[in-house]
1. Any chance you could count how many residues in the stretch 84-99 are surrounded by fewer than 20 Cβ atoms within 10 Å (Cβ to Cβ), touching a residue at least 40 places away in the same chain (Cβ under 8 Å), in a helix (DSSP H, G or I) and touching a helix residue (DSSP H, G or I) at 6+ places or on another chain (Cβ under 9 Å)?
2. Any chance the stretch 150-168 includes a residue that's part of a loop (DSSP other than H, G, I, E, B) and either in contact with a helix residue (DSSP H, G or I) (Cβ under 8 Å, 6 or more places away or on another chain) or within 28 Å of His110 (Cα to Cα) (or both)?
3. Can you work out which of the residues in the stretch 19-47 that are of a type in the set (A, V, I, L, M, F, W, C) and out of contact with any Leu (no Cβ under 7 Å at 6 or more places or on another chain) is surrounded by the fewest Cβ atoms within 10 Å (Cβ to Cβ)?
4. Could you check how many residues of the stretch 194-209 are open to solvent by 10 Å² or more (accessible area, probe 1.4 Å) and of a type in the set (Gly, Ala, Ser)?
5. Considering only the stretch 123-137, I want to know if a residue exists there that is open to solvent by less than 90 Å² (accessible area, probe 1.4 Å), more than 30 Å from Leu5 (Cβ to Cβ), modelled with pLDDT under 95 and in a helix (DSSP H, G or I).
6. Across the stretch 48-59, what is the total count of residues that are surrounded by 22 or more Cβ atoms within 10 Å (Cβ to Cβ) and modelled with pLDDT of 95 or more?
7. All but one of (1) in contact (Cβ under 8 Å) with a residue 12 or more places away in the chain; (2) part of a helix (DSSP H, G or I) hold for Ala65; which doesn't?
Amino acid sequence: MANILVVGKDLPESESLLKSFELQGHKIFATANSDISIDNDNIFTFSWNKASSISAKTLLIQAEAKLVQLDRVLIIFDSPSYAKKFESDKIEDCTQAIENMISGYMYFCHTLLGRLTQKTKKVSVGFYLRSAPSKADIISAKAITQAPCTNNVSVAQASFKAMAENFCASLSELPEVSVFLVTSEPGNDLYASDRDTGVWFLNYFDALEKLKNKPSGKQALTWIKAGGKMPGGFGLFK
């Protein structure tokens, strides 16, 4: 069984996803948006202050202390979830939006990259973008019927995509790290079910770790649709 660090989609929003991991016997360390107490020996939590680089370092230190060995890391940007928290585009919301949806991820990914550069045991890292349409998407694609998220969320979503791609490129250069990018859009079969998405991620991690050779940097930088074929499957890693 694996030890999994889940960052970005905080408890309680991530409960269904985490439960899908726990039901398969895995141990999880997850970020939480408050001091949440879970009566569970397999799920540990950390109240992450995304505005603080020190908090990002503490998060990783505590995750390694609780899990002992870090096998898998899943970094999530859930646009629909953020859209509920940032429902307006007022200028006074900008600082909080930047701290929660941009700065925190940057601090953590820099910390993770530095730590994994020092590690000699194999680790798998996944970036997951659960996207939402922007106002620009609505105008350019009339078929989209879902309400758009605010400009703050749309800009942060684009920032996460760029950040994930570039840290993916850096992580792929480390010999003991396998990394991949996953996206899910409205209409995707798994978009509405975190539990089913969690099961798919477990299968994906399993298949990735069974590969004789890890994917190249170019292969790792290809965005995969949630629910798509497993690593090693026909047409995925050409």
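The values are calculated or read from the model by the stated rules, or taken from the named source; none is laboratory data. A quick note: this is a predicted structure, and the numbers were derived from the prediction, not measured. Cβ atoms come from the backbone with ideal geometry, glycine included; neighbour counts cover every protein chain shown. Keep in mind that these areas ignore ligands, DNA and RNA; they rest on the heavy atoms of the full protein, side chains included. Shrake-Rupley method; radii C 1.70, N 1.55, O 1.52, S 1.80 Å.
1. 3
2. Of the stretch 150-168, the ones part of a loop (DSSP other than H, G, I, E, B) are 150.
If we keep only those that are either in contact with a helix residue (DSSP H, G or I) (Cβ under 8 Å, 6 or more places away or on another chain) or within 28 Å of His110 (Cα to Cα) (or both) too, we end up with 150.
Yes: one or more hits.
3. Applying the first criterion (of a type in the set (A, V, I, L, M, F, W, C)) to the stretch 19-47 yields 21, 23, 28-30, 32, 36, 38, 43-44, 46.
Cutting the leftovers down to out of contact with any Leu (no Cβ under 7 Å at 6 or more places or on another chain) gives us 23, 38, 44.
Working: Leu23: 13, Ile38: 16, Phe44: 18.
Filtering first and then ranking leaves Leu23.
4. Summing the residues that are open to solvent by 10 Å² or more (accessible area, probe 1.4 Å) and of a type in the set (Gly, Ala, Ser) in the stretch 194-209 gives 1.
5. First, the residues of the stretch 123-137 that are open to solvent by less than 90 Å² (accessible area, probe 1.4 Å): 123-134, 136-137.
Filter once more, so that each one left must be more than 30 Å from Leu5 (Cβ to Cβ): 136-137.
Then keep just the ones that are modelled with pLDDT under 95; that gives 136-137.
Still in the list and also in a helix (DSSP H, G or I): 136-137.
Within the stretch 123-137, one or more residues are open to solvent by less than 90 Å² (accessible area, probe 1.4 Å), more than 30 Å from Leu5 (Cβ to Cβ), modelled with pLDDT under 95 and in a helix (DSSP H, G or I).
6. 2
7. If we test Ala65 against (1) in contact (Cβ under 8 Å) with a residue 12 or more places away in the chain; (2) part of a helix (DSSP H, G or I), just (1) comes out false.
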